[in-house]
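The values are calculated or read from the model by the stated rules, or taken from the named source; none is laboratory data. Keep in mind it's a predicted model, so treat the numbers as computed, not measured. Don't worry about glycine lacking a Cβ; one is built from the backbone with ideal geometry, like all the others, and counts go over all protein chains shown.
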Amino acid sequence: MIDFTKILNKQQRKAIVDAILTPFSWLYGAGVWLRNTAFNIGLLPQEQFDVPIISVGNITVGGTGKTPHVEYLIDSLCGTYKIGVLSRGYKRSTKGFILATDSLSPRDIGDEPYQIYHKFNGLITLAVCENRRKGIREMMRLNPEIDLFILDDAFQHRYVKPKVNIVLVDHGRLPENDKLLPLGTLREPKSRLMQCDIVVVTKCANNISPVEVRMVQETLDLFPAQGLFYSNIRYADPVPVFPVPNPSLPSLTWLQSDDTVLCVTGIANAKPFVKYLRQFSATVKVMHYYDHHYFTRSDFDDIFNVFDKLPGNRKFIVTTEKDSVRIVNNPYYPPAMRSVIYYIPIKVGFLSNNGDFISEVVKRIKE
């Protein structure tokens, strides 16, 4: 049998794949258009609640930074509002409405809701439910004091009409340069950005130039009434995945030239995280799994087989904060190796290009 992958070059293979996927992308786009049209003309109903709702979503598949932006909103607003956070709970093993409690695991409510709940335990009410309308009603019944809801990944869930619709766009994957699924990563056409209140361009460089800001603004071509903000990811000092008494924590300058890091990730877009680790002088090897991956015994066997063979005076396993909540609750992680694994916490920071993000959100909540 002829192996065409050896005959055709990369561009030719891409052209063939694009030709195969293009009709499916058209069909997908037609389905999205019909659904959105049904909502726009009222054939499909939208429900508006008395309590203001902030929706945080995107128009691409994964990797825009929804969780840290939801955390930023909670951290900024929890002193003013009684916040309820509602998520679908992607990749959880359960179904229906579940109110987060200390006894639940990432498998019960999903890794991202689990992370948010434990980071803001006592400050928020958090639940997961596929049906957002049902979830909001149940949360209001259980806690009538909630006076602000934040919906995670709800831009496509149009049965709920939010007070403030926030859409995140990855600076490295602007919609202008993307295509609808399965040809590209767009869940919605670029025109859907016109139906949100605020667009946040995420994962920007700290030193993004005014010229680049203007180019992004021209590319997105938003209405004057829409808010446009720019954010980036800020990495903190490493933290042991498994808590230890009186830890001697390394600082951001911890890695030396003869150190080796095994970067283990199970997130949608690991490139910025890997790039951050590689700015140090240490050797970095990467093992990447699919998004929300629950590590098996076999996975850990593979990870530590690679880890044992790595050179270096000192060796570390470094993972993301989202991965850490799945690892710390995983019964297959070997206890003898708990001291070598760290995670890097991340926070969102906003660039001072277009005013204050939270002030804009609060203004729109009160309108």
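The single residue among SER76, SER55 that is outside any loop (DSSP other than H, G, I, E, B), in contact with a strand residue (DSSP E or B) (Cβ under 6 Å, 6 or more places away or on another chain) and polar (S, T, N, Q) turns out to be SER55. When PHE316 is tested against (1) assigned to a loop (DSSP other than H, G, I, E, B); (2) at pLDDT below 95; (3) crowded, with 17+ Cβ neighbours inside 10 Å; (4) not polar (S, T, N, Q), just one condition goes unmet, and that condition is (1). Within the stretch 147-170, the residues that satisfy the criterion of being buried (at least 19 other Cβ atoms within 10 Å of the Cβ) and part of a loop (DSSP other than H, G, I, E, B) are ASP153, ALA154, PHE155, ARG158, PRO162, LYS163.
Looking at this structure, is LYS95 over 26 Å from THR64 (Cα atoms) and either at pLDDT 95 or above or in a loop (DSSP other than H, G, I, E, B) (or both)? For LYS95, the condition - over 26 Å from THR64 (Cα atoms) and either at pLDDT 95 or above or in a loop (DSSP other than H, G, I, E, B) (or both) - is not met. Evaluating THR67 against the criteria (1) among the polar types (S, T, N, Q); (2) surrounded by fewer than 20 Cβ atoms within 10 Å (Cβ to Cβ); (3) touching a helix residue (DSSP H, G or I) at 6+ places or on another chain (Cβ under 6 Å) leaves one unmet condition, (2).
Being out of contact with any His (no Cβ under 9 Å at 6 or more places or on another chain), part of a helix (DSSP H, G or I), surrounded by 15 or more Cβ atoms within 10 Å (Cβ to Cβ) and among the β-branched types (Val, Ile, Thr) is the requirement here; does ILE365 meet it? Spelling it out, ILE365 is indeed out of contact with any His (no Cβ under 9 Å at 6 or more places or on another chain), part of a helix (DSSP H, G or I), surrounded by 15 or more Cβ atoms within 10 Å (Cβ to Cβ) and among the β-branched types (Val, Ile, Thr). For the stretch 34-59, the set of residues classified as acidic (Asp, Glu) and exposed (fewer than 11 other Cβ atoms within 10 Å of the Cβ) consists of ASP50 only.
Counting only residues that are among the β-branched types (Val, Ile, Thr) and buried (at least 18 other Cβ atoms within 10 Å of the Cβ), the stretch 293-313 holds 1 of them. For ILE53, the test of being under 23 Å from the mean Cα position of the chain (by Cα) and more than 30 Å from ALA270 (Cβ to Cβ) is passed. When residues in the stretch 264-283 are screened for being assigned to a strand (DSSP E or B) and either assigned by TED's automatic domain parsing to the domain that holds GLY65 or in contact (Cβ under 8 Å) with a residue 40 or more places away in the chain (or both), 2 of them pass. For ASN354, the requirement of being polar (S, T, N, Q), assigned by TED's automatic domain parsing to the domain that holds GLY227, within 28 Å of LEU168 (Cβ to Cβ) and in contact (Cβ under 8 Å) with a residue 12 or more places away in the chain is met.
When TYR290 is tested against (1) farther than 30 Å from PRO106 by Cβ; (2) surrounded by fewer than 16 Cβ atoms within 10 Å (Cβ to Cβ), only condition (1) is not met.
Looking across the stretch 306-344, just one residue is touching a His at 6+ places or on another chain (Cβ under 9 Å) and aliphatic (A, V, I, L, M), and that is VAL325.
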